[in-house]
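Worksheet: one structure, shown below.
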Amino acid sequence: MNGIGDDGGKGASGGGPVARAILHVDMDAFFAAVEQRDRPELRGQPVVIGADPKGGSGRGVVSTASYEARRFGVGSAMPISKAYRLCPSGVFLPVDMEKYARVSDEIMGVLRRYTDLVEPVSIDEAFLDVTGRRRALGPGQAIAASIKKALRDETSLTASIGVASSKLVAKIASDLEKPDGLVVVAPGSEAEFLSPLPVRRLWGVGPKTEESLLKIGIRTIGDLARQDRARLERRLGSHGQDLRSLAQGIDDRPVQPESSAPKSLGQEHTFERDTDDIETLRVKLIELCDEVGRRLREHSLAGRTITLKYRNETFQTRTRAETIADPADTGEAIFTVAWRLFRAVHGRGRVRLLGVSASGFGSHGQLQLFPADSSSIEHARDAVRRRFGDGALTRASLLVQRRGDRRAE
Ligand SMILES: [Mg+2]
């Protein structure tokens, strides 16, 4: 049991003298479990929620497979046609998002009875920081057990919970004994807990990074934690450093309750004089995207939807949005999308106003520690800006343009 003060002085979380108690709550096979709850005849059956399989020729993917269906090899994100081949006797159902969202609200309501510090990560997942609730409610493990019971009693659904001193470790822990699991990682034992697990369990290790790690003989998180800094940096750049810290169990990111997190972050600019100069427009868009990226990172957010606001000289306003696979928190990634939207909407006339915003933070996706390769570079820029002020760093391409701007003015 991890009560207050049994940190052992190791402070492996790096978060101060008292280790935090972070819970990661993850509902088991959520969509399928809701359907099996509501339709008793489906219990014990392989249930696949997702696109219509159309007798094996359907397009689209599996959203959730019940544990019975998983025994046939069916899993999330798999093409529905493949799922149908693997499990033709399965019960295939469409996604009833309205219903799942309602159940999700109930679940989050239960979690908020334990603490205000609830950060929903997706429709069926949330982080809780119960550090300050232990005096009243007991150690993290007891709180987790109580939450599991409350969810079962009130929603007839099971959850798996990880308890640890950081989000990273809690999230990995919740996944280890699914379904209906409860895994507690005692403060001070984070690195030891992570060590035998395959590197791909670590946030920020996608198939590509995994491949380059395997190539240099790094198979487990422990292998990574023990790596020589310089060697890792040569192989993976600054991303390597970040991964090594995570592998050592170092993750200080706070649990951010939804109420304090903005729904969208944006920036807009009205030109002094309407302009049709494409370079001026492009540079302003880069600036806006950089600013949105900086603010996203300040809030530890990444946006899945990028929206462009475009107003022309006749005051017609158009907004265009695009949702992307990898949530963005860098000016570069945002600009890639914003520029595409701009080109689609920009005609021959002059532009009066441009705006860029990001929204769709952290829903339905993995928590992204390193959403894009340039992220750590821009994180480093943030640090320099904090120390030396806003003018300290500007992208070279912008500098050239600014000079040009001045000439034009
Ligand atoms: Mg889940």
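The figures follow:
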{"read-out": "Under 16 Å from Lys284, Cα to Cα: aspartates and glutamates that are on another chain or at least 8 residues apart", "value": "Glu268, Glu272, Asp274, Asp276, Glu332, Asp405, Glu409"}
{"read-out": "Residues with amide H under 5 Å from that of Met78, placed H, sequence gap 5 or more", "value": "Val62"}
{"read-out": "Inter-site label distance for Glu210 and Lys178 at 7 Å from Cα along Cβ, in nm", "value": "1.4 nm"}
{"read-out": "Largest-first principal axis extents, alpha carbons of segment 86-244, Å", "value": "52, 51, 22"}
{"read-out": "Per-residue HN-Hα couplings for segment 321-335 [Karplus 6.51, -1.76, 1.60; θ = phi - 60°; Hz; x = Gly/Pro]", "value": "10, 9, 9, 10, 6, 9, x, 9, 9, 10, x, 4, 5, 5, 5"}
{"read-out": "For segment 189-203, Karplus couplings with θ = phi - 60° (6.51, -1.76, 1.60), whole Hz, Gly/Pro x", "value": "10, 4, 4, 5, 5, 6, 3, x, 6, x, 4, 5, 5, 6, 4"}
{"read-out": "Residue-span extension gain [Val61 to Glu106] - 0.36 nm each, minus C-alpha spacing", "value": "13.5 nm"}
{"read-out": "Global geometry of segment 85-143, whether rounded, prolate or oblate, following the gyration tensor of its Cα atoms and the 1.5 cut on a/c", "value": "prolate"}
{"read-out": "Interchain or long-range residues, amide H under 5 Å from Asp252's placed H", "value": "none"}
{"read-out": "Ascending count of other beta-carbon atoms within 10 Å, so fewest first, for Ser357, Ser195", "value": "Ser195, Ser357"}
{"read-out": "Cβ charges +1 (Lys, Arg) and -1 (Asp, Glu), total dipole of segment 169-254, debye", "value": "440 debye"}
{"read-out": "Chymotrypsin sites (Phe, Trp or Tyr not before Pro) lying in DSSP loop within segment 266-353, provided at most 12 other Cβ fall within 10 Å", "value": "Phe315"}
{"read-out": "Theoretical gain in end-to-end length, Arg343 to Met97 [0.36 nm per residue, Cα-Cα removed]", "value": "85.2 nm"}
{"read-out": "3J(HN,Hα) from dihedral phi, segment 284-290, Karplus parametrisation 6.51/-1.76/1.60, rounded to Hz, x for glycine, proline", "value": "5, 5, 4, 4, 4, 5, 4"}
{"read-out": "For segment 182-321, radius of gyration divided by Kirkwood radius, i.e. Rg to Rh on alpha-carbons", "value": "1.15"}
{"read-out": "Within segment 62-83: backbone nitrogen closer than 19 Å to the Lys54 label point (7 Å, Cα to C-beta)", "value": "62-63, 77-83"}
{"read-out": "Amide H partners (placed H, <5 Å) of Leu93, local residues excluded", "value": "Val48, Ile49, Gly50"}
{"read-out": "Exposure proxy order (Cβ contacts within 10 Å, fewest to most) of Val351, Val95", "value": "Val95, Val351"}
{"read-out": "Residues His299, His24 arranged by fewest to most Cβ contacts within 10 Å", "value": "His299, His24"}
{"read-out": "Which listed pairs, of Lys54/Lys148; Lys54/Lys99; Lys171/Lys263; Lys82/Lys178; Lys99/Lys263; Lys54/Lys309, have C-alpha distances above 32 Å, in listed order", "value": "Lys54/Lys148; Lys54/Lys309"}
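Throughout, read-outs are computed from the coordinates displayed, never taken from laboratory work. What you are looking at is a predicted structure, and each value in this text was computed from that prediction instead of being measured. We place every Cβ from the backbone using ideal geometry, glycine too, and count neighbours over all the protein chains shown.
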